[in-house]
Structure formats: structure tokens, C-alpha cells
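To start, the structure itself, in C-alpha cells.
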Amino acid sequence: MAEKTVISFQGHVQKIGDKTIVRFPDDASAQLPSRGQVAAEVVMDGHAFDTVLEPDGMRGHWLSIDERLHRSLSVGDGDAVSLEVEPTKNWPEPDIPEDLRSALADNPEIVEVWDDITPMARWEWVRWIKATKNPATRERRVEVAISKLESGKRRPCCFDLSSCTDPDLSKSGKLIDAK
């Protein structure tokens, strides 16, 4: 049986815009199996959850704290939190953005292809579509995704997974500093 890799560290809560995150220290990120997204089981101050760790575009990672977890933790900007992170091969299902969900619903012939790809591949499609602030670019990416899925493509190729992060939190693919 393979030994589990649990990465333990102290992180600090940061507010960037309307999002609450925890950046990983360099040494914690270095222990992860990828510079891009990584599925993980996380325990943060005693609260366990499955998530996907996001790349920061600088060979590091961060994770988002959703509203429910934020309320449960009762933490604010700058507060320290204890984390135990275990990378896993079991990817949770991504939240499908409404524009992609609608496009999939309008093209029932590719739903079987969508359902057949791995959750990790679905995360890549969602990340690629969401990695732009420009509405026209995003609309075009949804169209291209549908076209590629129709032709049997299982992944959006040729984008840098380590620099493909939330556009609301990044500039030029790099996580911005908290303001």
C-alpha cells in the first residue's frame, strides 16, 4: 500500500476582491504533484472538505474558502489557519458555469462525450472557459469547447495549466496581491 502524502502547514487568510483565499507557502506547493490544479482532501482548522487547489502562476498554489466554510471558521483577513492537505486522484465534480451548461443542454449529442470524460478533464474545460474576463472571448471559448467535444476532443489543449487561474484574482495568469 502506498504511503499517503499529507502536507501540513500554517496559512493565512487573504481577501482579494470579494474572494477569500489561503495561499500556500512555497515549500508546501513544492510537495504537490503538479504546478497546475491539484485535487486534494483538506482539513482546515478541523473542517474537512474536498477541493481543487488552484495554481498561482508563480509555481505555487492557493485554495478558495467558500462562504459556508468562511462562516464556520470565523476567520478574517490575515488570520492564521492550520491546514493538512492530501493530494488525491479523486477529483470532485466542477461547478459548471451557466453558459457552458446551457451550451451542453443545447447540444444533447455531446452530453455522452462530456459524461465520458474524467472529472479532471471537465475541470480543465471549465477552467479554460473561465480564465478570461472578456465576455466575447468567453463566448467564443464556449463555442470552441462544444465544437471540440463534438469532434471527440476530450481536453482543451495547448494552454498553460500552471498559469490558468481565476481571472478575477489574477493579472497575466499570476495571482494578484491582496489589497
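Kindly write out, for the stretch 73-88 in residue order, the coupling ³J(HN,Hα) from the Karplus curve 6.51 cos²θ - 1.76 cosθ + 1.60 (θ = phi - 60°), rounded to whole Hz, with x marking Gly and Pro.
Residue by residue, the stretch 73-88 yields 6, 6, 10, x, 3, x, 5, 7, 9, 8, 10, 10, 10, 10, x, 9 Hz.
Considering amide H positions built from the backbone, and no H for Pro or chain starts, which residues 5 or more places from Asp79, or on another chain, come under 5 Å of its amide H?
HN-HN under 5 Å from Asp79: Val13.
If you line up the long axis of helix 119-130 against the longest principal axis of the chain, both from Cα atoms, how many degrees apart are they, to the nearest 10?
80 degrees
Which value results for Rg/Rh of the stretch 98-163 when Rg is the Cα radius of gyration and Rh the Kirkwood radius based on the inverse mean 1/r? Mind dumping the intermediate values first?
Numbers: Rg = 11.2 Å, Rh = 12.0 Å.
Using only Cα positions, Rg/Rh for the stretch 98-163 is 0.93.
Just how many pairs of Lys in the chain have C-alpha atoms closer than 15 Å, counting pairs that are eight or more places apart or on different chains?
Numbers: Lys4/Lys89; Lys15/Lys179; Lys19/Lys179; Lys130/Lys171; Lys130/Lys174; Lys133/Lys171; Lys133/Lys174; Lys171/Lys179.
Taking the chain as the scope, the lysine pair count is 8.
Per-residue ellipticity at 222 nm for the chain, helices alone: DSSP H runs ≥ 4 residues times -39500 (n - 2.57), over residue total, nearest 500 deg cm²/dmol?
Per the formula, -8500 deg cm²/dmol.
Of Pro108, Gly76, Gly17, which is farthest on the positive side of the dipole of the chain, counting Cα position, with +1 on Lys and Arg Cβ, -1 on Asp and Glu Cβ, and the Cα centre as origin?
So the residue furthest toward the plus end is Gly17.
Taking the alpha-carbon set of the chain, what are its Rg and Dmax in Å?
16.9, 49
Values quoted throughout were computed directly from the atomic coordinates according to the rules given, and no laboratory measurement underlies them. Quick caveat: nothing in here was measured; it's all calculated off a predicted structure. Note that each Cβ is placed from the backbone with ideal geometry, even for glycine, and that neighbours are counted across all protein chains shown.
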